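A.B. asks: Got a structure for you, questions after.
The values are calculated or read from the model by the stated rules, or taken from the named source; none is laboratory data. Quantities reported herein were computed from a predicted structural model and do not represent experimental measurements. Note that each Cβ is placed from the backbone with ideal geometry, even for glycine, and that neighbours are counted across all protein chains shown. When the accessible area is computed, the model is the full protein with side chains, heavy atoms only, and any ligands, DNA or RNA have been set aside. Shrake-Rupley method; radii C 1.70, N 1.55, O 1.52, S 1.80 Å.
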Amino acid sequence: MEKLNDKYWITTDKNKGDIEEVYNLLSKSYWANSRSRDMIIKTVNNSLCFSLYDSNKQIGFSRVVTDYIAFAYLCDVIINEDYRGKG
């Protein structure tokens with residue numbers, strides 16, 4: 001876990017991620033709105049994931065498809081609509 005400031009923090013710990021919130025966020029996107037919950041779970045399990053929190057509420061998500069040596073592809077970057085445009 002890494003603390004960004006007094007309010008926000010980010011983690012790569014998949015056990016701390018809220019899969020329901022990730023599903024809700026991605027279901028509102030144009031690129032992932034047709035993915036099933038099971039498909040999203042599989043993508044999370046097979047990627048390096050970053051979850052952004054405001055206190056205890058997950059407000060953002062992104063994942064990296066990587067071989068952990070020479071290749072990384074950043075995808076599914078999304079922030080809760082209530083938090084967008086706030087810097």
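A.B. asks: If a residue has to be part of a strand (DSSP E or B) and hydroxyl-bearing (Ser, Thr, Tyr) to count, how many in segment 32-57 make the cut?
C.D. replies: Number satisfying all stated conditions: 2.
A.B. asks: Could you please let me know if residue 29 is under 21 Å from residue 84 (Cα atoms), of a type in the set (Ser, Thr, Tyr), open to solvent by less than 90 Å² (accessible area, probe 1.4 Å) and part of a loop (DSSP other than H, G, I, E, B)?
C.D. replies: yes
A.B. asks: State which residue is least open to solvent (accessible area, probe 1.4 Å) when the search covers only segment 1-26 and only residues that are closer than 18 Å to residue 75 by Cβ and free of Cβ contacts under 8 Å to residues at least 40 places away in the same chain.
C.D. replies: Across segment 1-26, the extreme among qualifying residues is 22.
A.B. asks: Out of everything in segment 60-87 that is aliphatic (A, V, I, L, M) and either under 18 Å from residue 30 (Cα atoms) or touching a residue at least 60 places away in the same chain (Cβ under 8 Å) (or both), what residue ends up being least open to solvent (accessible area, probe 1.4 Å)?
C.D. replies: Residue satisfying both the conditions and the ranking: 78.
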